[in-house]
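The values are calculated or read from the model by the stated rules, or taken from the named source; none is laboratory data. These numbers were taken from a predicted model, which means no experiment stands behind them. Using ideal geometry, Cβ is built from the backbone for each residue, glycine included, and neighbour counts are taken over all protein chains shown.
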Amino acid sequence: MRAAFADPVLDAQGAFRALLHAMSHPGRVVALDAAPDAPAPLMPAAAAALLTLADAETPVWTDAAGEALDWLRFHTGAPFVADPRDAAFLLATGAPPALDALDAGTDEAPQEGATLIAQLPALAEGRGWRLTGPGVEHEHRLAAEGLPPGFAAQWAANAARFPRGVDVILCAGPRLAALPRTTRLAEG
């Protein structure tokens, strides 16, 4: 079994800080200081995010299989579920499930909404979507290559459920960006 983080405590703390920074500044691309030695097809940022967030109490769904699934099971200790609707955290190495098919929490407990971690070929700031909302001073631009067609419409429907909804962490190699459910997204 491959190791996860080289220094489990410090590297997990660094990954948590990167995730917190990304969630606090929607659309800002953040690079990890240290990445886990994850088997293919797992990308370093996606693997780090799940290692940092999941534990024995959080149901996880992933489309990863074989060595990657075994590695995630071993290092997170999380229960893995077959149905994406039953997961608190989801890691999509391929096409992600539709946002409206995921747990959005309830009006009484919106914090129970799922977090989708999606692996993408590329993330770039300065072009692409126009992001506004909490954590964005005026407007931030983010290009996220590889999301399914119609993602912007899915995101608008997700935002309409507020305070319920799904949060998304986009990962490309050792870099990540976050879309909290409060972020408004416009194309172009």
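Quick check on this structure: which one of Ala124, Ala152, Ala143 is among the small types (Gly, Ala, Ser) and not in a strand (DSSP E or B)?
Ala152
For the stretch 131-164, what are the residues that are in contact (Cβ under 8 Å) with a residue 24 or more places away in the chain, surrounded by fewer than 16 Cβ atoms within 10 Å (Cβ to Cβ) and under 22 Å from Ala31 (Cα atoms)?
Pro134, Arg141, Glu145, listed by residue number.
Find the residue count for the stretch 106-127, including only residues that are surrounded by 18 or more Cβ atoms within 10 Å (Cβ to Cβ) and not polar (S, T, N, Q).
The number of residues fulfilling the criteria is 7.
Within 20 Å of Ala92 (Cβ to Cβ), within 15 Å of the chain's Cα centre (by Cα) and surrounded by fewer than 21 Cβ atoms within 10 Å (Cβ to Cβ), is that true of Gly173?
Yes, satisfied.
Just the residues that are within 16 Å of Leu42 (Cβ to Cβ), surrounded by fewer than 19 Cβ atoms within 10 Å (Cβ to Cβ) and in contact with a helix residue (DSSP H, G or I) (Cβ under 9 Å, 6 or more places away or on another chain), please, taken from the stretch 64-105.
Within the stretch 64-105, just Phe80 meets the criteria.
Matching residues to (1) at pLDDT 95 or above; (2) out of contact with any His (no Cβ under 8 Å at 6 or more places or on another chain):
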{"site": "Phe16", "(1), (2)": "yes, yes"}
{"site": "Met23", "(1), (2)": "yes, yes"}
{"site": "Pro26", "(1), (2)": "yes, no"}
{"site": "Ala35", "(1), (2)": "no, yes"}
{"site": "Pro41", "(1), (2)": "yes, yes"}
{"site": "Asp55", "(1), (2)": "yes, yes"}
